[in-house]
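One structure is given below, encoded as structure tokens.
Please treat every number below as a calculation from the coordinates, not as lab data. Here the structure is a predicted model, which is why all the values come from computation and not from measurement. Reconstructed Cβ throughout: ideal geometry from the backbone, glycine too, with neighbour counts over all protein chains shown.
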Amino acid sequence: MKKLLYLAIALFFNVLSAQVGPKIEFKDKENTIDYGTTSKDIDDGVRKFVFTNTGDAPLIISNAKSTCGCTVPDFPKEPIMPGNSSFITVKYNMNPGPIRKTITIESNAVNVEGGMVALKIKGEVIIKKETSPLEKKQGMLEKP
């Protein structure tokens, strides 16, 4: 009987201590945006991570930092009220080569450890091969 009473008390306190406060939920699968294979000529490198405050208190994003200077995050400075959505903008400088960057978001969200969330971007920036006017002209002359 005592064990049942202790179990009931433990369950009661567990229910009372359920997470209350702001919660951050991102739209993108695994908090990752895939640039795919792209080129600086056709892509400005800007992407948005959309999120919603699914909690019951205002969500405050206090900081956003990148693993390098080639990726610049911008975050909302005002609180996001419960049920509202907003976004974090990330601008990658589109240097040729693979993209593998992490942006760390600091917030007061209770559903993530320490209020911190890692956002990731991935993909590859290629250099578009440009054909010179001389190559184009030679190609035309060679066709039968």
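Consider only pairs whose beta carbons are under 7 Å apart and that are at least six residues apart or on different chains; among these, list those whose first residue lies in the stretch 45-61 and is under 12 Å from Thr32 (Cα atoms) and touching a residue at least 12 places away in the same chain (Cβ under 8 Å) and whose second residue is among the acidic types (Asp, Glu) and assigned to a loop (DSSP other than H, G, I, E, B).
Sorted first by the residue in the stretch 45-61, then by its partner, the pairs are Phe49/Asp28.
Under 9 Å between Cβ atoms, which residue pairs at least 6 apart in sequence (or on different chains) link something in the stretch 87-114 that is free of Cβ contacts under 8 Å to residues at least 24 places away in the same chain with a partner that is among the basic types (Lys, Arg) and surrounded by fewer than 20 Cβ atoms within 10 Å (Cβ to Cβ)?
The qualifying pairs are Arg100/Lys120; Arg100/Lys122.
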